[in-house]
Amino acid sequence: MNQKPERIIDAHVHLWDPAKTDWYPYLSGRMEIGMGNVSGMSRRFDADIYKQEAKDWNVIALVNVAAATGVNSVQETLHLNEVANQTGHPAAIIGGLPPSSSIAEAIAFIDTQMQAARFRGVRPMGQNAPVLPADEVLAALADRGLIFELMAHPPQLAEAAKRLESHPQLNVVVEHTGWPRSSDPDEHALWESGIAALADVGPKVSCKISGLAMPLGSMSATAFAPWVNVAIETFGTNRCMFASNFPVDGMHGTLDALWSAFSDLTQEFAHSDKDALFAGVAERVYSLETKA
């Protein structure tokens with residue numbers, strides 16, 4: 001019998017409202033983001049909806065990740081922090097790092113979001129945003145004890161790792177399991193070498209196991225296994241965390257199916273390792289105070 005994890009912290013969700021067309025133009029057909037038909041994720045998604053769709057799983061906290069376009073992602077952080085003051089969700093927020101005209105402006109975007117108590121770090125926002133910002137911006141994040149979330153495909157991982165070696169004090173989270181683009185064997189080989197390079201950067205680099213349903217078109221444990229198993233072997237259970245990427249990955253299945261697949265893949269794990277993957281690592285990385 002599948003033994004479910006005792007607790008889950010979902011380290012990657014998008015709590016959004018498509019009615020905010022200026023923030024999320026791609027959900028209303030006003031902007032193309034290269035994902036094809038996005039109607040399956042173009043729905044209001046808030047903590048209550050999440051709770052209902054994951055009712056059979058003990059999800060104790062949510063980490064919201066920026067999804068509003070450009071500078072709107074800064075306001076999104078402040079707005080969601082206010083929502084959380086009323087509802088308790090999300091527990092943590094990864095805000096946006098919009099395109100900027102200068103290093104000073106980029107750092108100002110970060111400092112504006114530091115007004116939000118649940119703000120924990122940033123990821124780049126913008127279709128043409130570089131994988132990594134300027135070294136001065138990375139240093140500013142490290143100085144503030146914030147996280148940089150890396151959005152990079154397999155061909156970009158090794159070069160990103162090389163640059164991150166100069167920032168050993170920066171907390172880095174590799175989003176979407178290193179963001180493979182397909183299940184092609186050559187893609188897997190390129191990805192595997194890239195995540196190994198990132199894992200070697202140091203203990204402050206973690207891997208968020210999420211976003212696999214997008215390139216694989218499936219939520220089955222069998223489809224996930226070649227990626228999940230290697231990621232965990234490479235980073236270790238103390239530097240990996242499971243996350244849903246909902247409602248985006250909801251285009252390929254349900255929250256129940258996703259958590260079931262992750263649970264199936266970890267049935268033989270020790271209790272401590274399973275808890276780390278489903279909750280403990282996210283709890284530490286995102287500085288959360290939670291109750292089971």
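DSSP assigns beta bridges within the chain; of those with both partners inside it, close to 5 percent run antiparallel. Here the translational diffusion coefficient of the stretch 8-285 follows from Stokes-Einstein with Rh set to the Kirkwood radius across Cα pairs; for 4 °C and 1.567 mPa s it amounts to 69 µm²/s. For the stretch 123-129, backbone phi angles converted through the Karplus equation (6.51, -1.76, 1.60; θ = phi - 60°) give residue-by-residue couplings of 10, x, 10, x, 4, 10, 5 Hz, Gly and Pro being listed as x. Footprinting exposure proxy ranking of Glu187, Glu283, Glu268, fewest other C-beta atoms within 10 angstrom first, gives Glu268, Glu187, Glu283.
Lys-Lys pairs in the stretch 8-285 that are eight or more residues apart or on separate chains and whose Cα atoms lie under 29 Å of each other come to 11. Hey, for a label at Lys4 modelled as a point 7 Å past Cα toward Cβ, could you say which residues of the stretch 56-87 have their backbone N under 20 Å away? The answer is 56-63, whose backbone nitrogens lie closer than 20 Å to the label point. Can you give the FRET efficiency for Asn128 and Asp200, using 1/(1 + (r/R0)^6), R0 = 30 Å, r = Cβ-Cβ distance, to the nearest 0.05? That gives a FRET efficiency of 0.55.
Ordering of 193-200, 242-249 by packing is 242-249, 193-200, highest average first (other Cβ atoms within 10 Å, averaged per residue). Phi angles of the stretch 90-95 translate, via the Karplus equation with coefficients 6.51, -1.76, 1.60 and θ = phi - 60°, into HN-Hα couplings of x, 7, 8, 9, 9, x Hz per residue; Gly and Pro are given as x. Amide H contacts for Leu150 (H built 1.01 Å from N in the peptide plane; partners 5 or more residues away or on another chain; cut-off under 5 Å): Val173, Val174, Glu175.
Normalising by the residue count of the chain, find the relative contact order in percent from Cα pairs under 8 Å and 6+ residues apart.
About 20 percent, as a whole number.
Values in this text are rule-based calculations from the coordinates and carry no lab data. What you are looking at is a predicted structure, and each value in this text was computed from that prediction instead of being measured. Quick reminder, even Gly has a Cβ in these numbers, built from the backbone with ideal geometry, and neighbours come from all protein chains shown.
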